[in-house]
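Below: one structure, written as structure tokens.
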Amino acid sequence: YWGTFPEQHFTQPPPRYTEATLIKALEQRGIGRPSTYAPILSIIQERDYVYKADGKFYPHELGLIVNSILKQHFPKIVDLGFTAQMEEQLDEIAQGKQEWIPVL
């Protein structure tokens, strides 16, 4: 066709998490609590799941392996929706709005 030229476009991967953006993502998804964010960031680095370069997190091979195994064998537990729902139920137990036995 006249005036039509082939063009190649590449999609960009999402930006790497920084400490601030990871905490914000956890908050938005209802994962963890303010008191747990700092320990989460420390633990994932101490266990060599991730490393930080230029202020951004990158996965170590061990982190990729652990993630793959967890997703394969424990999909419900690592599901973000399940985790957020569990956090909400724990809050309700703490507030006396729900009994703990049915949750467990």
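No lab work stands behind these numbers, since they all come straight from the coordinates. Everything numeric here is computed off the predicted structure, so don't read it as measured data. Glycine also receives a Cβ, built like all others from the backbone with ideal geometry; neighbour counts cover every protein chain displayed.
Helices in the chain, meaning DSSP H runs of at least 4 residues, each add -39500 (n - 2.57). Divided by all residues, the mean residue ellipticity at 222 nm is -17000 deg cm²/dmol.
Give me the extension gain from Y58 to I31: residue separation times 0.36 nm, minus the current Cα-Cα distance, reported in nm with one decimal.
Working: separation 27, 0.36 × 27 = 9.72 nm, distance 2.01 nm.
Gain on stretching Y58 to I31: 7.7 nm.
The calculated FRET efficiency for Q95 paired with K24, based on their beta-carbon distance and R0 = 30 Å, is about 0.75. For the chain, return all DSSP H helices satisfying: extent of Cα atoms along own axis at least 27 Å; mean Kyte-Doolittle hydropathy at least 0.5. None clear 27 Å together with a mean of 0.5.
For I69 and T4, a Förster radius of 35 Å and the Cβ-Cβ distance give a FRET efficiency of 0.15, rounded to the nearest 0.05. Recomputing volume of the Cα convex hull per residue in Å³ from the coordinates shown identifies the correct label among [x] 206; [y] 124; [z] 159 as [x].
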